[in-house]
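The values are calculated or read from the model by the stated rules, or taken from the named source; none is laboratory data. Everything numeric in this text was worked out from a predicted model, so none of it was measured. Positions of Cβ are backbone-derived with ideal geometry, glycine not excepted, and every protein chain shown enters the neighbour counts. Ligands, DNA and RNA are excluded from the accessible area calculation, which covers all protein heavy atoms including side chains. Shrake-Rupley method; radii C 1.70, N 1.55, O 1.52, S 1.80 Å.
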Amino acid sequence: MENRPDWTDEQWYAADLTSVAGVERLRFFPQVVASGAGSVLTTPEGREVIDLSASWTATGLGHAHPDVVAAAERALRAAPGGSVLSGTHPDAVLLARALCERVEVTAPAGERRAYLGHAGTDANDVALRAARHVTGRAGIVAFEGGYHGGLGASQSVSGLHISGGTTADPDLTLVPYPDVYRPWQDSAETLLADTLARVEAALADGSVAAVLVEPIQSDGGVLVPPDGFLAGLREATSRHGALLVIDEVKVGLGRTGHFLAHHAEGVVPDLVTLGKALGNGLPVSALVGPASALDEPAASALMTTIGNPVSCAAALAVLELLDDGTLAASAARLGEQATETIRGFAAGDRPGAAHVGQVRGRGLSVGIELVRPGTQEPADDLAAKTAFAGWSNGVVAYPVRGNVLEITPPLTITPAELQTGLERLLAALDAAACGEVADEDVAAFSGW
Ligand SMILES: Cc1ncc(COP(=O)(O)O)c(C=O)c1O
(Lines give C-alpha, C1' and ligand atoms only; values in the text may rest on other atoms or scores of the structure.)
Protein backbone atom coordinates (compact mmCIF):
# COMPACT_ATOMS: atom_id res chain seq x y z
CA MET A 1 0.00 0.00 0.00
CA GLU A 2 2.81 2.41 0.97
CA ASN A 3 4.31 2.14 -2.50
CA ARG A 4 1.16 3.20 -4.26
CA PRO A 5 1.36 6.33 -6.35
CA ASP A 6 -0.16 9.40 -4.76
CA TRP A 7 -2.28 10.27 -7.81
CA THR A 8 -5.26 12.55 -8.19
CA ASP A 9 -8.66 11.10 -9.11
CA GLU A 10 -8.09 12.27 -12.67
CA GLN A 11 -4.69 10.59 -12.88
CA TRP A 12 -6.10 7.27 -11.64
CA TYR A 13 -8.88 7.46 -14.19
CA ALA A 14 -6.46 8.23 -17.01
CA ALA A 15 -4.25 5.30 -15.96
CA ASP A 16 -7.29 3.02 -16.02
CA LEU A 17 -8.00 3.96 -19.62
CA THR A 18 -4.53 2.87 -20.69
CA SER A 19 -4.41 -0.37 -18.69
CA VAL A 20 -7.85 -1.91 -18.04
CA ALA A 21 -9.47 -3.54 -21.09
CA GLY A 22 -12.24 -1.54 -22.69
CA VAL A 23 -14.38 -4.67 -23.13
CA GLU A 24 -15.12 -4.61 -19.41
CA ARG A 25 -15.96 -0.93 -19.08
CA LEU A 26 -19.51 0.41 -18.83
CA ARG A 27 -18.80 3.98 -17.89
CA PHE A 28 -21.03 6.98 -17.45
CA PHE A 29 -18.60 9.35 -15.68
CA PRO A 30 -14.97 9.23 -14.50
CA GLN A 31 -15.62 7.23 -11.36
CA VAL A 32 -12.61 6.27 -9.23
CA VAL A 33 -13.19 4.89 -5.75
CA ALA A 34 -10.50 4.18 -3.17
CA SER A 35 -12.75 2.95 -0.37
CA GLY A 36 -16.34 2.57 0.75
CA ALA A 37 -18.30 2.31 3.98
CA GLY A 38 -22.03 1.70 4.06
CA SER A 39 -23.57 3.87 1.36
CA VAL A 40 -20.63 6.25 1.03
CA LEU A 41 -17.77 5.91 -1.43
CA THR A 42 -14.53 7.86 -1.12
CA THR A 43 -12.31 8.81 -4.05
CA PRO A 44 -8.50 8.70 -3.84
CA GLU A 45 -8.53 12.47 -3.23
CA GLY A 46 -10.95 11.99 -0.33
CA ARG A 47 -14.19 13.21 -1.91
CA GLU A 48 -17.26 11.48 -0.47
CA VAL A 49 -20.02 10.30 -2.78
CA ILE A 50 -23.38 8.70 -1.91
CA ASP A 51 -23.87 5.43 -3.73
CA LEU A 52 -27.43 5.13 -5.05
CA SER A 53 -26.42 2.13 -7.16
CA ALA A 54 -24.74 -0.24 -4.68
CA SER A 55 -22.43 -1.18 -7.56
CA TRP A 56 -25.40 -2.29 -9.66
CA THR A 57 -26.79 -3.97 -6.48
CA ALA A 58 -23.64 -6.05 -5.89
CA THR A 59 -22.98 -4.40 -2.53
CA GLY A 60 -26.58 -4.77 -1.45
CA LEU A 61 -25.89 -4.58 2.28
CA GLY A 62 -23.49 -1.67 1.97
CA HIS A 63 -19.77 -1.36 1.39
CA ALA A 64 -17.55 -3.10 3.93
CA HIS A 65 -20.43 -4.48 5.98
CA PRO A 66 -18.67 -5.51 9.23
CA ASP A 67 -20.25 -9.00 9.41
CA VAL A 68 -19.32 -9.76 5.82
CA VAL A 69 -15.80 -8.42 6.30
CA ALA A 70 -15.36 -10.56 9.42
CA ALA A 71 -16.64 -13.69 7.66
CA ALA A 72 -14.44 -13.15 4.60
CA GLU A 73 -11.39 -12.41 6.76
CA ARG A 74 -11.95 -15.55 8.77
CA ALA A 75 -12.22 -17.66 5.62
CA LEU A 76 -9.21 -16.02 3.99
CA ARG A 77 -7.05 -16.78 7.03
CA ALA A 78 -8.40 -20.33 7.41
CA ALA A 79 -7.64 -20.86 3.70
CA PRO A 80 -9.26 -24.25 3.14
CA GLY A 81 -8.21 -24.42 -0.52
CA GLY A 82 -9.73 -22.55 -3.42
CA SER A 83 -13.00 -24.27 -4.29
CA VAL A 84 -15.42 -27.22 -4.09
CA LEU A 85 -14.09 -28.76 -7.25
CA SER A 86 -12.17 -31.75 -5.94
CA GLY A 87 -12.92 -31.49 -2.25
CA THR A 88 -15.29 -29.54 -0.10
CA HIS A 89 -15.11 -27.19 2.90
CA PRO A 90 -17.56 -26.11 5.62
CA ASP A 91 -18.45 -22.68 4.22
CA ALA A 92 -19.49 -24.17 0.86
CA VAL A 93 -21.56 -26.91 2.49
CA LEU A 94 -23.25 -24.47 4.87
CA LEU A 95 -23.94 -21.98 2.08
CA ALA A 96 -25.40 -24.65 -0.22
CA ARG A 97 -27.60 -25.93 2.61
CA ALA A 98 -28.68 -22.41 3.56
CA LEU A 99 -29.65 -21.69 -0.05
CA CYS A 100 -31.55 -24.97 -0.42
CA GLU A 101 -33.48 -24.23 2.78
CA ARG A 102 -34.32 -20.65 1.89
CA VAL A 103 -35.00 -20.77 -1.85
CA GLU A 104 -38.17 -22.66 -2.58
CA VAL A 105 -38.23 -24.53 -5.88
CA THR A 106 -40.27 -27.43 -7.25
CA ALA A 107 -38.55 -30.05 -5.09
CA PRO A 108 -38.62 -30.55 -1.31
CA ALA A 109 -35.69 -29.02 0.59
CA GLY A 110 -33.85 -32.33 0.93
CA GLU A 111 -33.98 -32.86 -2.82
CA ARG A 112 -32.65 -29.46 -3.79
CA ARG A 113 -29.12 -28.62 -4.84
CA ALA A 114 -27.22 -25.35 -5.10
CA TYR A 115 -24.61 -24.68 -7.77
CA LEU A 116 -22.09 -22.19 -6.36
CA GLY A 117 -20.61 -19.97 -9.05
CA HIS A 118 -18.88 -16.66 -9.59
CA ALA A 119 -21.38 -14.32 -11.27
CA GLY A 120 -24.92 -14.06 -12.52
CA THR A 121 -23.59 -14.89 -15.96
CA ASP A 122 -22.38 -18.39 -15.10
CA ALA A 123 -25.36 -19.13 -12.82
CA ASN A 124 -27.72 -18.42 -15.74
CA ASP A 125 -25.51 -20.37 -18.14
CA VAL A 126 -25.71 -23.43 -15.89
CA ALA A 127 -29.47 -22.91 -15.49
CA LEU A 128 -29.94 -22.96 -19.26
CA ARG A 129 -27.93 -26.15 -19.65
CA ALA A 130 -29.68 -27.81 -16.73
CA ALA A 131 -33.06 -27.02 -18.30
CA ARG A 132 -31.92 -28.35 -21.66
CA HIS A 133 -30.41 -31.45 -20.13
CA VAL A 134 -33.37 -32.37 -17.97
CA THR A 135 -36.01 -31.75 -20.65
CA GLY A 136 -34.02 -32.96 -23.67
CA ARG A 137 -35.23 -29.82 -25.48
CA ALA A 138 -33.28 -26.89 -26.89
CA GLY A 139 -35.70 -23.97 -26.99
CA ILE A 140 -35.51 -21.03 -24.61
CA VAL A 141 -38.11 -18.29 -24.20
CA ALA A 142 -36.79 -15.03 -22.78
CA PHE A 143 -37.84 -11.40 -22.98
CA GLU A 144 -37.00 -8.35 -25.05
CA GLY A 145 -35.00 -5.94 -22.90
CA GLY A 146 -33.92 -8.76 -20.56
CA TYR A 147 -30.38 -9.05 -19.19
CA HIS A 148 -29.01 -12.38 -17.99
CA GLY A 149 -25.28 -12.05 -18.45
CA GLY A 150 -22.36 -10.51 -20.26
CA LEU A 151 -20.79 -13.60 -21.86
CA GLY A 152 -21.67 -16.81 -23.68
CA ALA A 153 -25.05 -18.50 -23.35
CA SER A 154 -26.45 -15.99 -20.86
CA GLN A 155 -25.55 -13.12 -23.14
CA SER A 156 -27.06 -14.89 -26.15
CA VAL A 157 -30.51 -15.04 -24.51
CA SER A 158 -30.35 -11.44 -23.22
CA GLY A 159 -32.72 -9.28 -25.22
CA LEU A 160 -30.69 -6.19 -24.36
CA HIS A 161 -27.49 -7.59 -25.83
CA ILE A 162 -29.22 -8.90 -28.88
CA SER A 163 -30.66 -5.52 -29.71
CA GLY A 164 -27.10 -4.23 -29.16
CA GLY A 165 -25.70 -6.60 -31.81
CA THR A 166 -24.81 -9.87 -30.03
CA THR A 167 -25.74 -13.05 -31.89
CA ALA A 168 -28.89 -14.59 -30.46
CA ASP A 169 -29.02 -18.21 -29.35
CA PRO A 170 -30.42 -20.09 -32.39
CA ASP A 171 -33.14 -21.68 -30.26
CA LEU A 172 -34.27 -18.47 -28.60
CA THR A 173 -37.70 -16.89 -28.82
CA LEU A 174 -37.85 -13.34 -27.46
CA VAL A 175 -41.22 -12.08 -26.27
CA PRO A 176 -41.90 -8.42 -25.29
CA TYR A 177 -41.81 -7.97 -21.50
CA PRO A 178 -45.20 -6.65 -20.37
CA ASP A 179 -44.56 -2.94 -19.98
CA VAL A 180 -47.53 -1.50 -18.14
CA TYR A 181 -45.92 1.92 -18.01
CA ARG A 182 -46.99 2.87 -21.53
CA PRO A 183 -50.31 4.48 -20.59
CA TRP A 184 -51.13 5.05 -24.24
CA GLN A 185 -50.92 1.32 -24.86
CA ASP A 186 -53.35 -1.39 -23.90
CA SER A 187 -54.65 -1.93 -20.38
CA ALA A 188 -52.57 -4.08 -18.04
CA GLU A 189 -55.06 -6.93 -18.49
CA THR A 190 -54.83 -6.83 -22.29
CA LEU A 191 -51.05 -6.54 -22.15
CA LEU A 192 -50.78 -9.48 -19.78
CA ALA A 193 -53.10 -11.61 -21.91
CA ASP A 194 -51.14 -10.71 -25.05
CA THR A 195 -47.78 -11.55 -23.43
CA LEU A 196 -49.02 -14.88 -22.11
CA ALA A 197 -50.52 -15.71 -25.50
CA ARG A 198 -47.13 -15.13 -27.14
CA VAL A 199 -45.42 -17.34 -24.57
CA GLU A 200 -48.10 -19.98 -25.08
CA ALA A 201 -47.51 -19.89 -28.84
CA ALA A 202 -43.78 -20.39 -28.32
CA LEU A 203 -44.38 -23.31 -25.94
CA ALA A 204 -47.01 -25.00 -28.09
CA ASP A 205 -44.80 -27.32 -30.17
CA GLY A 206 -43.10 -28.84 -27.12
CA SER A 207 -39.57 -27.76 -28.11
CA VAL A 208 -38.98 -25.29 -25.26
CA ALA A 209 -36.76 -26.29 -22.33
CA ALA A 210 -37.27 -23.16 -20.22
CA VAL A 211 -38.77 -19.74 -19.86
CA LEU A 212 -36.14 -17.44 -18.36
CA VAL A 213 -37.48 -14.29 -16.76
CA GLU A 214 -36.55 -11.41 -14.47
CA PRO A 215 -39.21 -10.80 -11.79
CA ILE A 216 -38.64 -7.07 -12.39
CA GLN A 217 -36.90 -6.16 -15.63
CA SER A 218 -34.12 -3.97 -14.33
CA ASP A 219 -31.59 -3.12 -17.01
CA GLY A 220 -34.52 -3.13 -19.42
CA GLY A 221 -35.94 -0.04 -17.67
CA VAL A 222 -37.07 -0.99 -14.14
CA LEU A 223 -40.33 -2.60 -15.25
CA VAL A 224 -42.51 -4.20 -12.59
CA PRO A 225 -44.75 -6.65 -14.48
CA PRO A 226 -48.52 -6.75 -14.00
CA ASP A 227 -49.87 -9.04 -11.27
CA GLY A 228 -50.43 -12.50 -12.66
CA PHE A 229 -47.45 -12.44 -15.06
CA LEU A 230 -45.21 -14.86 -13.16
CA ALA A 231 -48.20 -16.99 -12.16
CA GLY A 232 -49.21 -17.15 -15.83
CA LEU A 233 -45.71 -18.23 -16.83
CA ARG A 234 -45.73 -20.84 -14.07
CA GLU A 235 -49.02 -22.27 -15.25
CA ALA A 236 -48.01 -22.34 -18.92
CA THR A 237 -44.56 -23.85 -18.38
CA SER A 238 -45.97 -26.58 -16.13
CA ARG A 239 -48.62 -27.46 -18.68
CA HIS A 240 -46.04 -27.70 -21.50
CA GLY A 241 -43.34 -29.54 -19.56
CA ALA A 242 -40.90 -26.60 -19.68
CA LEU A 243 -38.99 -25.21 -16.70
CA LEU A 244 -39.59 -21.78 -15.19
CA VAL A 245 -36.25 -20.13 -14.43
CA ILE A 246 -36.43 -16.93 -12.39
CA ASP A 247 -33.38 -14.69 -12.54
CA GLU A 248 -33.12 -12.98 -9.12
CA VAL A 249 -29.54 -11.83 -9.72
CA LYS A 250 -30.35 -8.13 -9.66
CA VAL A 251 -33.45 -7.66 -7.52
CA GLY A 252 -33.32 -10.68 -5.21
CA LEU A 253 -32.17 -10.78 -1.58
CA GLY A 254 -34.41 -8.28 0.15
CA ARG A 255 -34.30 -5.42 -2.33
CA THR A 256 -37.99 -5.38 -3.29
CA GLY A 257 -39.27 -5.80 0.26
CA HIS A 258 -39.40 -9.59 -0.20
CA PHE A 259 -36.55 -12.04 0.34
CA LEU A 260 -36.88 -12.87 -3.37
CA ALA A 261 -38.75 -10.56 -5.75
CA HIS A 262 -40.96 -13.32 -7.16
CA HIS A 263 -42.39 -13.93 -3.68
CA ALA A 264 -44.65 -10.94 -4.43
CA GLU A 265 -46.59 -13.36 -6.64
CA GLY A 266 -46.12 -16.48 -4.56
CA VAL A 267 -45.00 -18.64 -7.49
CA VAL A 268 -42.63 -21.59 -7.08
CA PRO A 269 -40.07 -21.72 -9.91
CA ASP A 270 -38.07 -24.76 -11.03
CA LEU A 271 -34.74 -22.94 -11.00
CA VAL A 272 -33.68 -19.69 -9.32
CA THR A 273 -30.45 -17.80 -9.98
CA LEU A 274 -28.80 -15.42 -7.51
CA GLY A 275 -25.69 -13.28 -7.70
CA LYS A 276 -24.58 -9.69 -7.13
CA ALA A 277 -25.73 -8.98 -3.54
CA LEU A 278 -25.12 -12.59 -2.53
CA GLY A 279 -21.43 -11.83 -1.94
CA ASN A 280 -21.94 -8.18 -0.99
CA GLY A 281 -19.07 -7.23 -3.29
CA LEU A 282 -17.30 -10.56 -3.48
CA PRO A 283 -17.83 -12.66 -6.60
CA VAL A 284 -20.30 -15.44 -5.84
CA SER A 285 -23.48 -16.63 -7.48
CA ALA A 286 -25.87 -19.51 -7.05
CA LEU A 287 -28.38 -21.58 -8.92
CA VAL A 288 -30.91 -23.47 -6.81
CA GLY A 289 -33.03 -26.25 -8.25
CA PRO A 290 -34.05 -29.89 -7.98
CA ALA A 291 -31.25 -32.45 -7.61
CA SER A 292 -32.67 -34.12 -10.73
CA ALA A 293 -31.71 -31.04 -12.76
CA LEU A 294 -28.44 -30.10 -11.08
CA ASP A 295 -26.65 -33.36 -10.20
CA GLU A 296 -26.17 -34.58 -13.78
CA PRO A 297 -24.17 -34.69 -15.96
CA ALA A 298 -21.46 -34.89 -13.29
CA ALA A 299 -18.43 -32.66 -13.77
CA SER A 300 -20.07 -30.66 -16.57
CA ALA A 301 -19.95 -27.12 -15.11
CA LEU A 302 -16.44 -26.59 -13.85
CA MET A 303 -14.36 -23.56 -12.95
CA THR A 304 -11.32 -23.90 -10.72
CA THR A 305 -12.43 -21.51 -7.99
CA ILE A 306 -16.19 -22.26 -7.82
CA GLY A 307 -17.40 -22.48 -4.25
CA ASN A 308 -14.49 -20.31 -3.23
CA PRO A 309 -14.21 -20.27 0.59
CA VAL A 310 -13.97 -16.48 0.98
CA SER A 311 -16.93 -15.85 -1.32
CA CYS A 312 -18.98 -18.60 0.35
CA ALA A 313 -18.29 -17.23 3.83
CA ALA A 314 -19.36 -13.77 2.72
CA ALA A 315 -22.54 -15.14 1.13
CA LEU A 316 -23.44 -17.08 4.24
CA ALA A 317 -23.08 -13.89 6.28
CA VAL A 318 -25.32 -12.06 3.80
CA LEU A 319 -28.05 -14.71 4.04
CA GLU A 320 -27.89 -14.61 7.84
CA LEU A 321 -28.19 -10.81 7.84
CA LEU A 322 -31.34 -11.08 5.72
CA ASP A 323 -32.93 -13.82 7.80
CA ASP A 324 -35.09 -11.79 10.18
CA GLY A 325 -36.63 -9.75 7.36
CA THR A 326 -35.68 -6.38 8.88
CA LEU A 327 -33.61 -5.29 5.90
CA ALA A 328 -36.30 -6.26 3.40
CA ALA A 329 -38.93 -4.36 5.42
CA SER A 330 -36.67 -1.34 5.52
CA ALA A 331 -36.12 -1.58 1.73
CA ALA A 332 -39.89 -1.37 1.26
CA ARG A 333 -40.10 1.75 3.47
CA LEU A 334 -37.08 3.44 1.91
CA GLY A 335 -38.47 2.71 -1.54
CA GLU A 336 -41.61 4.64 -0.62
CA GLN A 337 -39.49 7.51 0.64
CA ALA A 338 -37.59 7.57 -2.66
CA THR A 339 -40.66 7.46 -4.91
CA GLU A 340 -42.45 10.11 -2.83
CA THR A 341 -39.43 12.41 -2.99
CA ILE A 342 -39.04 12.04 -6.75
CA ARG A 343 -42.77 12.41 -7.39
CA GLY A 344 -42.77 15.54 -5.22
CA PHE A 345 -39.94 16.93 -7.34
CA ALA A 346 -41.80 16.03 -10.56
CA ALA A 347 -44.92 17.85 -9.34
CA GLY A 348 -42.93 21.03 -8.64
CA ASP A 349 -41.55 23.72 -10.91
CA ARG A 350 -37.81 23.16 -10.82
CA PRO A 351 -36.14 22.93 -14.26
CA GLY A 352 -35.87 19.12 -14.28
CA ALA A 353 -39.44 18.47 -13.16
CA ALA A 354 -41.07 18.52 -16.58
CA HIS A 355 -38.59 15.87 -17.77
CA VAL A 356 -39.74 13.22 -15.30
CA GLY A 357 -42.08 11.03 -17.33
CA GLN A 358 -42.54 8.34 -14.71
CA VAL A 359 -41.32 7.10 -11.35
CA ARG A 360 -41.73 3.39 -10.79
CA GLY A 361 -40.39 0.32 -9.06
CA ARG A 362 -40.75 -1.81 -5.99
CA GLY A 363 -38.84 -1.36 -2.73
CA LEU A 364 -35.31 -0.12 -3.36
CA SER A 365 -35.46 -0.83 -7.07
CA VAL A 366 -36.67 2.50 -8.42
CA GLY A 367 -36.59 3.96 -11.92
CA ILE A 368 -36.96 7.58 -13.04
CA GLU A 369 -37.93 7.69 -16.69
CA LEU A 370 -36.79 10.89 -18.40
CA VAL A 371 -38.67 12.27 -21.40
CA ARG A 372 -38.90 15.43 -23.48
CA PRO A 373 -41.33 17.75 -21.67
CA GLY A 374 -44.94 17.24 -22.60
CA THR A 375 -44.19 14.10 -24.64
CA GLN A 376 -43.40 10.42 -24.11
CA GLU A 377 -40.25 10.75 -26.19
CA PRO A 378 -37.25 9.22 -24.34
CA ALA A 379 -34.54 11.67 -23.27
CA ASP A 380 -31.47 9.39 -23.30
CA ASP A 381 -29.06 12.32 -23.55
CA LEU A 382 -30.57 13.90 -20.44
CA ALA A 383 -30.19 10.67 -18.46
CA ALA A 384 -26.53 10.43 -19.49
CA LYS A 385 -25.92 14.08 -18.57
CA THR A 386 -27.74 13.75 -15.25
CA ALA A 387 -25.66 10.73 -14.25
CA PHE A 388 -22.51 12.62 -15.27
CA ALA A 389 -23.48 15.75 -13.31
CA GLY A 390 -24.53 13.53 -10.39
CA TRP A 391 -21.00 12.25 -10.00
CA SER A 392 -19.68 15.83 -9.73
CA ASN A 393 -22.49 16.56 -7.25
CA GLY A 394 -21.52 13.62 -5.05
CA VAL A 395 -23.91 10.84 -6.04
CA VAL A 396 -23.67 7.64 -8.09
CA ALA A 397 -26.70 6.54 -10.15
CA TYR A 398 -26.64 4.96 -13.60
CA PRO A 399 -28.98 5.08 -16.58
CA VAL A 400 -30.61 1.88 -17.82
CA ARG A 401 -32.39 1.38 -21.16
CA GLY A 402 -31.08 4.80 -22.18
CA ASN A 403 -33.50 7.14 -20.50
CA VAL A 404 -34.22 5.59 -17.08
CA LEU A 405 -32.14 6.55 -14.04
CA GLU A 406 -31.96 3.55 -11.76
CA ILE A 407 -31.92 3.96 -7.98
CA THR A 408 -30.76 0.82 -6.15
CA PRO A 409 -28.86 1.91 -3.02
CA PRO A 410 -27.63 -0.51 -0.35
CA LEU A 411 -30.53 -1.76 1.79
CA THR A 412 -28.64 -0.36 4.77
CA ILE A 413 -28.76 3.24 3.54
CA THR A 414 -30.16 5.61 6.16
CA PRO A 415 -33.23 7.75 5.36
CA ALA A 416 -31.03 10.87 5.64
CA GLU A 417 -28.39 9.50 3.25
CA LEU A 418 -31.08 8.49 0.80
CA GLN A 419 -32.59 11.96 0.95
CA THR A 420 -29.24 13.67 0.43
CA GLY A 421 -28.37 11.33 -2.43
CA LEU A 422 -31.70 11.99 -4.15
CA GLU A 423 -31.37 15.75 -3.66
CA ARG A 424 -27.94 15.63 -5.30
CA LEU A 425 -29.29 13.58 -8.19
CA LEU A 426 -32.31 15.83 -8.72
CA ALA A 427 -30.05 18.89 -8.62
CA ALA A 428 -27.99 17.18 -11.33
CA LEU A 429 -31.16 16.68 -13.35
CA ASP A 430 -31.93 20.39 -13.00
CA ALA A 431 -28.42 21.24 -14.17
CA ALA A 432 -28.65 18.88 -17.15
CA ALA A 433 -32.11 20.21 -18.05
CA CYS A 434 -30.72 23.77 -18.00
CA GLY A 435 -28.01 22.80 -20.49
CA GLU A 436 -25.20 23.02 -17.94
CA VAL A 437 -23.68 19.71 -19.10
CA ALA A 438 -22.14 19.91 -22.55
CA ASP A 439 -22.28 17.13 -25.15
CA GLU A 440 -18.46 17.06 -25.04
CA ASP A 441 -18.55 16.33 -21.29
CA VAL A 442 -20.35 13.04 -21.81
CA ALA A 443 -18.91 12.17 -25.22
CA ALA A 444 -16.20 9.94 -23.75
CA PHE A 445 -18.77 7.89 -21.80
CA SER A 446 -20.62 5.62 -24.14
CA GLY A 447 -22.38 3.72 -21.33
CA TRP A 448 -24.28 0.71 -22.63
C1 LIG B 1 -31.02 -9.81 -13.97
C2 LIG B 1 -29.56 -10.06 -14.18
N3 LIG B 1 -29.14 -11.31 -14.40
C4 LIG B 1 -27.84 -11.61 -14.59
C5 LIG B 1 -26.89 -10.63 -14.60
C6 LIG B 1 -25.47 -10.97 -14.84
O7 LIG B 1 -24.78 -10.95 -13.64
P8 LIG B 1 -23.20 -10.74 -13.63
O9 LIG B 1 -22.93 -9.42 -14.23
O10 LIG B 1 -22.84 -10.87 -12.19
O11 LIG B 1 -22.61 -11.84 -14.43
C12 LIG B 1 -27.27 -9.31 -14.36
C13 LIG B 1 -26.28 -8.21 -14.36
O14 LIG B 1 -26.59 -7.07 -14.49
C15 LIG B 1 -28.65 -9.01 -14.16
O16 LIG B 1 -29.07 -7.76 -13.96
>> 7 Å from Cα along Cα→Cβ at both Ser35 and Ser86: what's the point-to-point distance in nm?
In response: 4.0
> So, how do all the Cα-to-Cα distances of the stretch 254-379 break down into 10 Å bins, in percent, from 0 on up?
Replying inline: 11, 27, 27, 20, 11, 3, 0
> Where both residues lie in the chain, what percent of DSSP beta bridges are antiparallel, nearest 5?
Replying inline: 65
>> Give me the Å³ per residue figure for the convex hull around the C-alpha atoms of the chain.
In response: 141
> Tell me, what is the 1.4 Å probe accessible area of Val20, in Å² to the nearest 10?
Replying inline: 50
> Roughly how many nanometres apart are two label points built 7 Å out from the Cα toward the Cβ at Glu296 and Ala109?
Replying inline: 2.7
> Taking a 1.4 Å probe, which of Leu294, Leu41 shows the most accessible area, and what order do the others take after it?
Replying inline: Leu294, Leu41
> Summing -39500 (n - 2.57) over the DSSP H runs of n ≥ 4 in the chain and dividing by its residue number, what mean residue ellipticity at 222 nm do you reach, to the nearest 500 deg cm²/dmol?
Replying inline: -11500 deg cm²/dmol
> Ordering Lys385, Lys276 by how much accessible area each has at a 1.4 Å probe, largest first, what is the list?
Replying inline: Lys276, Lys385
>> Net charge around Arg27, counting only other residues with Cβ within less than 15 Å of its Cβ (Lys, Arg = +1; Asp, Glu = -1)?
In response: -3
>> Ranking request for peptides 55-61, 255-261, 221-227: highest mean number of other beta-carbon atoms within 10 Å first, then the rest in descending order.
In response: 255-261, 55-61, 221-227
> Length gain on complete extension for the stretch Asp324 to Glu45, per 0.36 nm per residue less the alpha carbon to alpha carbon distance?
Replying inline: 96.6 nm
> Once phi is turned into θ = phi - 60°, what whole-Hz ³J(HN,Hα) does the Karplus curve with 6.51, -1.76 and 1.60 give for every residue of the stretch 322-338, x standing for Gly and Pro?
Replying inline: 8, 4, 7, x, 5, 5, 5, 5, 5, 4, 5, 5, 5, x, 5, 4, 5
> At Ala21 and Ala347, where each label point lies 7 Å from the Cα along Cα→Cβ, what is the point-to-point distance in nanometres?
Replying inline: 5.0
> Is the shape of the stretch 67-322 rounded, prolate or oblate, going by the alpha carbon gyration tensor and its root eigenvalues a ≥ b ≥ c, with a/c under 1.5 for rounded and a/b larger than b/c for prolate?
Replying inline: prolate
>> Projecting each Cα onto the charge dipole of the chain (Lys/Arg +1, Asp/Glu -1 at the beta carbon, about the Cα centre), which of Leu287, Ser446, Asn393 comes out farthest on the positive side?
In response: Leu287
>> Through the Karplus equation 6.51 cos²θ - 1.76 cosθ + 1.60, θ set to phi - 60°, convert the phi angles of the stretch 117-122 into ³J(HN,Hα) values in whole Hz; use x for Gly and Pro.
In response: x, 9, 8, x, 4, 6
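Counting Lys and Arg as +1 and Asp and Glu as -1, each charge on the Cβ, what is the dipole of the stretch 67-322 about the Cα centre in debye, to the nearest 20?
Details: 16 positive and 28 negative charges, 123 e Å.
It comes to approximately 600 debye.
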> Residue farthest toward the positive end of the dipole of the stretch 308-448, with Cβ of Lys/Arg at +1 and Asp/Glu at -1: which of Thr412, Gly344, Leu429?
Replying inline: Gly344
> If you put +1 on each Lys and Arg Cβ and -1 on each Asp and Glu Cβ, how big is the dipole of the chain around its Cα centre, in Debye rounded to 20?
Replying inline: 660
> Of the listed peptides 432-442, 322-332, 397-407, what is their order by residue-averaged count of other C-beta atoms within 10 Å, with the highest listed first?
Replying inline: 397-407, 322-332, 432-442
> Can you give the relative contact order of the stretch 67-322 as a percent, counting alpha carbon pairs under 8 Å and 6+ residues apart?
Replying inline: 31
> How big is the antiparallel share of DSSP beta bridges in the stretch 67-322, given as a percent to the nearest 5?
Replying inline: 40
> How much of Phe445 can a 1.4 Å solvent probe reach, expressed as accessible area in Å² and rounded to 10?
Replying inline: 40
